[in-house]
Amino acid sequence: MRVLFDQGTPAPLREHLPGCEVRTAFEMGWSRLKNGELLAMADHDFDVLVTTDQNLRYQQNLTGRKTALLILPTTSWPRLRSRVADIAAALGGMKAGDYLELP
């Protein structure tokens, strides 16, 4: 599974996602793209976009997107570290176009 981390998604999380090829928006040269542009680029190359932008679904039209979206509740790595199993499980169950917000 090809996973893209948006700005704000803690990079250490990538080490806890075995079987996933993880890239960051920064690594792709996409750190300055607006959300709509980032979603369009992700649709070409990635299965899932992991972000902490909880307003994304209100700001963008997500209809017809191929890339699944996983919304994390925080940017804090110490708080997310205890939830890596939940995050990995959520990623493993996602299909094209899915939208999931972790509580």
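Just so you know, all these numbers are worked out from the coordinates, no wet-lab data involved. Note that the structure is a prediction, hence the values are computed from the model and not measured. Please note: Cβ atoms are built from the backbone with ideal geometry, for glycine as well, and neighbour counts cover all protein chains shown.
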Which longest uninterrupted range of the chain lacks any trypsin sites (Lys or Arg not before Pro) assigned by DSSP to a loop state (not H, G, I, E or B) and surrounded by at most 11 other Cβ atoms within 10 Å? 35-94
Radius of gyration and Dmax for the chain's Cα atoms, expressed in Å? 12.3, 34
Which whole-Hz ³J(HN,Hα) couplings does the stretch 76-84 yield from phi under the Karplus relation 6.51 cos²θ - 1.76 cosθ + 1.60, θ = phi - 60°, glycine and proline marked x? 6, 4, x, 6, 7, 3, 6, 10, 4
Would you please give the FRET efficiency between LEU62 and HIS16, computed as 1/(1 + (r/R0)^6) with r the Cβ-Cβ distance and R0 = 35 Å, to the nearest 0.05? 0.85
Using DSSP to define loop residues, name the chymotrypsin sites (Phe, Trp or Tyr not before Pro) in the stretch 21-89 whose beta-carbon has at most 13 other beta-carbon atoms within 10 Å. PHE26
0 to 90° range, to nearest 10: angle between helix 35-45 axis and the chain longest Cα axis: 80 degrees
Check which residues have an amide H placed less than 5 Å from ALA68's amide H, if you skip close sequence neighbours. VAL48, LEU49, GLY97, ASP98
